[in-house]
Amino acid sequence: TICSNVSISGRVRIGDKAYLGPQCAISNGVSVGELATVSIGSVVTKDVTSKSRVTGNFALPHDKWLNLVRKFR
């Protein structure tokens, strides 16, 4: 699934049943694995493994991103 306002630049591989959230950006040469999720507004500059979820600018595994947000609360 590719939602609205997604930017995909250059040569990108997107696996089966991957989800690219609204307004995310995928850089040239990146691979998004099967069943992977890219959260809203994320900027992906590195490969996303299968069945994982990334969030943020620049995209990190979702759990790691949540831990960073909690530190700065």
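Points worth noting:
- Odd one out for P22 among (1) closer than 14 Å to I2 by Cβ; (2) not in a loop (DSSP other than H, G, I, E, B): (2)
- Residues within the range 35-71 that are under 18 Å from V6 (Cα atoms), among the charged types (D, E, K, R) and in a loop (DSSP other than H, G, I, E, B), tallied: 2
- A count restricted to the range 2-53 and to residues that are surrounded by fewer than 13 Cβ atoms within 10 Å (Cβ to Cβ) and farther than 22 Å from D63 by Cβ stands at 9.
Bear in mind that the values in this text are calculations on the coordinates, not laboratory data. What you see is a predicted model, and the numbers here were worked out from it, not measured in a lab. Methodologically, a virtual Cβ is constructed for each residue, glycine included, from the backbone with ideal geometry; neighbour enumeration extends over all protein chains shown.
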